[in-house]
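The values are calculated or read from the model by the stated rules, or taken from the named source; none is laboratory data. Quick caveat: nothing in here was measured; it's all calculated off a predicted structure. Glycine gets a Cβ as well: all are built from the backbone with ideal geometry, and neighbour counts include every protein chain shown.
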């Protein structure tokens with residue numbers, strides 16, 4: 001769980017300056033969402049949902065300006081949906097992972113809209129959410145396989161270390 | 001039973017994790033409120049990471065920008081260097097042309113002044129230097145075959161003064177014996193002083209002005225001009241300048257070193273005087289000085 005949170009934290013740390021450097025802040029991919037989607041398929045339920053919760057909190061911290069809890073709610077909801085989906089379909093392959101991230105991104109944009117409308121009294125740019133929903137989903141899609149690859153690699157290394165010891 | 005309670009627990013946790021953010025949003029979504037401890041903690045966790053990565057990226061981007069800037073500067077530098085070389089070359093050509101222009105203008109003026117002399121321009125194509133690196137002989141691009149053929153003993157002059165006389169003519173070229181040559185002798189007088197004598201080449205240094213002993217106040221810089229008495233050089237051309245206040249007595253004669261009027265290493269264009277013998281004044285046919293032809 002901690003490793004997933006750490007990976008999500010590092011990706012969120014990198015995301016902001018990276019996007020500023022390339023001047024693509026408007027169409028920002030969401031690596032934390034990809035971590036949550038992968039966690040829903042790869043982790044046990046309880047550690048997974050707490051991972052989603054913590055990543056949501058971190059995302060709120062990184063976002064700034066949104067009411068605290070907005071991304072927490074979104075990520076927990078996405079995790080629940082992902083966990084339900086993963087019981088029927090293992091989507092950890094590259095293509096399915098990308099597709100799932102697209103759907104999750106669209107769903108999170110919709111949730112973002114609803115929750116902002118209800119709870120954020122200052123928020124007025126509702127049309128922006130809908131205008132950016134599809135581009136953001138599309139740029140987030142490649143993050144699925146990338147994040148999945150990283151987490152899968154970490155999982156395998158952890159398993160290997162557990163099996164063979166750190167200093168084999 | 002235990003499976004049921006586990007499911008219940010999970011459902012409860014899900015409910016809590018879904019409802020808790022709603023409360024948080026309700027509380028934090030208010031327009032006017034101060035920062036809560038939860039926000040402080042979350043920002044305290046996220047800000048250092050963001051700051052660190054931002055610093056790393058900023059430095060990285062700055063380094064890349066600096067590198068690309070340096071690469072651009074280097075390319076620009078090379079371009080400018082090439083431009084400077086080209087400009088230097090152009091400036092050098094310009095200076096050379098200007099110098100040539102000045103020389104040719106001076107020659108034209110000289111030709112206009114010397115109406116009695118038939119002057120044919122010639123270009124120096126080679127210089128022979130002596131072991132002490134002084135020019136001992138020059139070759140001109142005028143020979144026996146041209147429209148105005150060069151002939152032996154023709155005086156060679158420039159606007160500055162006398163260069164020497166034609167020694168040999170071969171084909172399209174002729175060699176000039178300079179006034180510094182040990183075989184060269186020229187009848188001259190000190191302008192305004194009435195002292196006449198010979199300008200004699202020494203071969204290995206400055207020529208000397210040799211004249212019979214007489215009381216005269218000669219000084220460095222006095223101009224020596226041709227008298228025409230030698231029937232070789234026309235009258236009134238500058239032959240050189242006295243190079244010293246000191247004189248040396250050699251037998252019955254006095255010698256003073258002379259600075260030639262012409263700087264031989266810089267010589268580019270000259271005039272051949274093709275009617276020198278006609279231009280010699282009649283009173284100059286006889287003279288007390290023997291001149292070697």
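Residues in segment B:154-177 that are under 20 Å from residue B:111 (Cα atoms) and outside any strand (DSSP E or B): B:154, B:159, B:160. If the condition is being facing chain B (nearest Cβ under 9 Å), over 13 Å from the mean Cα position of the chain (by Cα) and assigned to a helix (DSSP H, G or I), then segment A:63-79 contributes only A:70. Going through (1) in a helix (DSSP H, G or I); (2) out of contact with any helix residue (DSSP H, G or I) (no Cβ under 6 Å at 6 or more places or on another chain); (3) touching a residue at least 40 places away in the same chain (Cβ under 8 Å) one by one, residue A:145 falls short only on (2). Could you please find all residues in segment B:130-154 being surrounded by fewer than 18 Cβ atoms within 10 Å (Cβ to Cβ) and at pLDDT below 75? Correct list: B:130, B:131, B:132, B:133, B:134, B:146. Criterion first (outside any loop (DSSP other than H, G, I, E, B), within 8 Å of chain B (Cβ to nearest Cβ) and modelled with pLDDT of 90 or more) does residue A:53 satisfy it? Spelling it out, residue A:53 is indeed outside any loop (DSSP other than H, G, I, E, B), within 8 Å of chain B (Cβ to nearest Cβ) and modelled with pLDDT of 90 or more. Taking the listed residues B:177, B:154, the one that is under 30 Å from residue B:248 (Cα atoms) and touching a strand residue (DSSP E or B) at 6+ places or on another chain (Cβ under 6 Å) is B:177, with no other qualifying. Within segment B:40-57, if we keep just the residues that are surrounded by 13 or more Cβ atoms within 10 Å (Cβ to Cβ) and out of contact with any helix residue (DSSP H, G or I) (no Cβ under 7 Å at 6 or more places or on another chain), the residue that is nearest to residue A:124 (Cα to Cα) turns out to be B:47.
Each row is one residue, and each column tells you yes or no for (1) touching a residue at least 12 places away in the same chain (Cβ under 8 Å); (2) touching a strand residue (DSSP E or B) at 6+ places or on another chain (Cβ under 9 Å); (3) closer than 28 Å to residue B:43 by Cα.
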| residue | (1), (2), (3) |
| --- | --- |
| A:41 | yes, no, no |
| A:51 | yes, no, yes |
| A:55 | yes, no, yes |
| A:88 | no, no, no |
| A:94 | yes, no, no |
| A:108 | yes, no, yes |
| A:124 | no, no, yes |
| A:137 | yes, no, yes |
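Considering only residues in segment A:80-94 that are within 15 Å of the chain's Cα centre (by Cα) and outside any loop (DSSP other than H, G, I, E, B), the one that is surrounded by the fewest Cβ atoms within 10 Å (Cβ to Cβ) turns out to be A:81. Flag not set for residue B:4, criterion: assigned to a helix (DSSP H, G or I), modelled with pLDDT of 85 or more and either on the phi < 0 side of the Ramachandran plot or surrounded by 15 or more Cβ atoms within 10 Å (Cβ to Cβ) (or both).
Taking the criterion of being in a loop (DSSP other than H, G, I, E, B) and out of contact with any helix residue (DSSP H, G or I) (no Cβ under 8 Å at 6 or more places or on another chain), the residues of segment B:77-117 that qualify are B:114, B:115.
Among the residues of segment B:14-51, those identified as more than 7 Å from chain A (Cβ to nearest Cβ), in a helix (DSSP H, G or I) and more than 17 Å from residue A:60 (Cα to Cα) are B:15, B:16.
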